[in-house]
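The values are calculated or read from the model by the stated rules, or taken from the named source; none is laboratory data. Bear in mind that the values here come from a model prediction, so they are computed numbers and not experimental data. Neighbour counts run over all protein chains shown; Cβ positions are idealised from the backbone, glycine included.
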Amino acid sequence: MRYDFKEFPRVFEVKGYKIKDYGKIYLDDGEMVSFVTESGRECDFAAKDWGFYLGPSVNSRLKKQGFKVALVLNEQGQLYVNAVEANKIDEFRQYLRTNQNGTILCWLDDWLSEETKK
């Protein structure tokens, strides 16, 4: 793993939200980094020779970490996958309404029925 962190982040705004870009992490095949929220919930990002795992299994590990995973369509027709802390769904819905004009297409962690999993 290599990284290029900035001493002073590049700061920019997207639809009223300030973003601080702290740099880049370069992963080789089989390398992983974990991102941790203030509340201690974790989400992994892993490199493979074919691309990236964008997170752990949505209906198992992320769910056990306290996340719900939403497939969201924004007003420009772009799709996003968002891991939402389960106790912050109201805040997430408010964010989508006021700043992104986004629509939750489905909760991926609820996609499979118990019968489908067997």
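For the stretch 47-60, which residues satisfy the criterion of being over 21 Å from Met1 (Cβ atoms) and either without any contact (Cβ under 8 Å) to a residue 12 or more places away in the chain or not in a loop (DSSP other than H, G, I, E, B) (or both)? Walk me through it before giving the result.
We begin by selecting, within the stretch 47-60, every residue over 21 Å from Met1 (Cβ atoms); these are 57-60.
Residues satisfying the conditions are Ser57, Ser60.
Do we find that Gly66 is touching a Lys or Arg at 6+ places or on another chain (Cβ under 8 Å), within 26 Å of Arg93 (Cβ to Cβ) and crowded, with 16+ Cβ neighbours inside 10 Å in this structure?
In short, yes.
Please enumerate the residues belonging to the stretch 11-46 that are surrounded by 14 or more Cβ atoms within 10 Å (Cβ to Cβ), assigned to a strand (DSSP E or B) and β-branched (Val, Ile, Thr).
Ile25
Residue by residue through the stretch 79-109, note down the ones that are over 20 Å from Cys43 (Cα atoms), in contact with a Gly (Cβ under 9 Å, 6 or more places away or on another chain) and modelled with pLDDT of 95 or more.
none
Go through (1) part of a loop (DSSP other than H, G, I, E, B); (2) at pLDDT 90 or above one by one and return the number of the condition Gln76 breaks.
Against the list (1) part of a loop (DSSP other than H, G, I, E, B); (2) at pLDDT 90 or above, Gln76 comes up short only on (2).
Could you tell me which of the residues Val58, Val36 is hydrophobic (A, V, I, L, M, F, W, C) and within 15 Å of Trp107 (Cα to Cα)?
Val58
Got at least one residue in the stretch 86-99 being surrounded by fewer than 10 Cβ atoms within 10 Å (Cβ to Cβ), closer than 30 Å to Leu112 by Cα, small (Gly, Ala, Ser) and out of contact with any Phe, Trp or Tyr (no Cβ under 6 Å at 6 or more places or on another chain)?
no
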